[in-house]
1. Only residues that are among the acidic types (Asp, Glu) and touching a residue at least 40 places away in the same chain (Cβ under 8 Å): list them for segment 1-57, please.
2. Taking the criterion of being more than 22 Å from Trp4 (Cα to Cα), surrounded by 15 or more Cβ atoms within 10 Å (Cβ to Cβ) and touching a Leu at 6+ places or on another chain (Cβ under 8 Å), would at least one residue in segment 159-166 satisfy it?
3. Write out, first by first residue and then by second, each pair whose Cβ atoms fall under 7 Å of each other, whose residues are 6+ apart or on separate chains, and whose first residue, in segment 93-116, is closer than 28 Å to Glu31 by Cβ and outside the structural domain of Val157 (by TED's automatic domain parsing) while the second is charged (D, E, K, R) and modelled with pLDDT of 90 or more.
4. Suppose we filter segment 26-41 for residues that are among the hydrophobic types (A, V, I, L, M, F, W, C) and assigned to a helix (DSSP H, G or I); how many remain?
5. For segment 6-34, how many residues are touching an Asp or Glu at 6+ places or on another chain (Cβ under 8 Å), among the hydrophobic types (A, V, I, L, M, F, W, C) and buried (at least 16 other Cβ atoms within 10 Å of the Cβ)?
6. Tell me, which residue of segment 140-158 that is assigned to a loop (DSSP other than H, G, I, E, B) and not charged (D, E, K, R) is surrounded by the fewest Cβ atoms within 10 Å (Cβ to Cβ)?
7. I'm trying to understand the selection: among the residues of segment 107-140, which are at pLDDT 95 or above and of a type in the set (Lys, Arg)?
8. Just give me the residues in segment 77-87 being over 14 Å from the mean Cα position of the chain (by Cα) and in contact (Cβ under 8 Å) with a residue 40 or more places away in the chain, in sequence order.
Amino acid sequence: MTQWFNVGKIINTHGIRGEVKVISMTDFKEERYQPGNSLYLFLPGENEPLKVRIKSYRSHKQFDLLSFEGFDSIEAVEPWKEGILKISEAQLSRLGENEYYFHEIIGCTVFTADGGKIGTVTEILTPGANDVWVVRTDDRKEYLIPYIGEIVKDIDVSGKRIVIEPMEGLLS
């Protein structure tokens, strides 16, 4: 069975020539959105994904704008709102040392260096210079943990365990 990984969510159309506005869920936009690459569009209520080939990609404000081969009008892409763009496991690239895919980090349990459990990574935000992990405690409190070397000390994706050294005020 194919495993799928989110790349972006279509939130609206843009213009009349078939461009869509996407909120990206990938650190590899330039690679994923290369013209000629294929993505799989999962639409609400549909059982099978639609394979689409990228015609163009550009950034616009805080969004990414994509168009697809064979879909050249607003009418063709209007039904795609709320659709999720994904890649298959076979399309994943090998990462360098100390690089991780979001799906490898989300679900990991976070501990302090002295062994205290903080919670589980539920989401990854990409606001700028570094990623920020949303860590939810057992009592539903959330902490924002920046993915920087001064804080994140060890990541064991196979064991789903992360150790951090929180700076003062991070967990309060």
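1. Glu19, Asp27, Glu31
2. no
3. none
4. 0
5. 2
6. Ser158
7. Listed by number, the residues that qualify are Lys117, Arg136.
8. The answer is Val77, Glu78, Trp80, Lys81, Glu82, Gly83.
The values are calculated or read from the model by the stated rules, or taken from the named source; none is laboratory data. In this text, all values refer to a predicted model and were calculated from it rather than measured experimentally. Quick reminder, even Gly has a Cβ in these numbers, built from the backbone with ideal geometry, and neighbours come from all protein chains shown.
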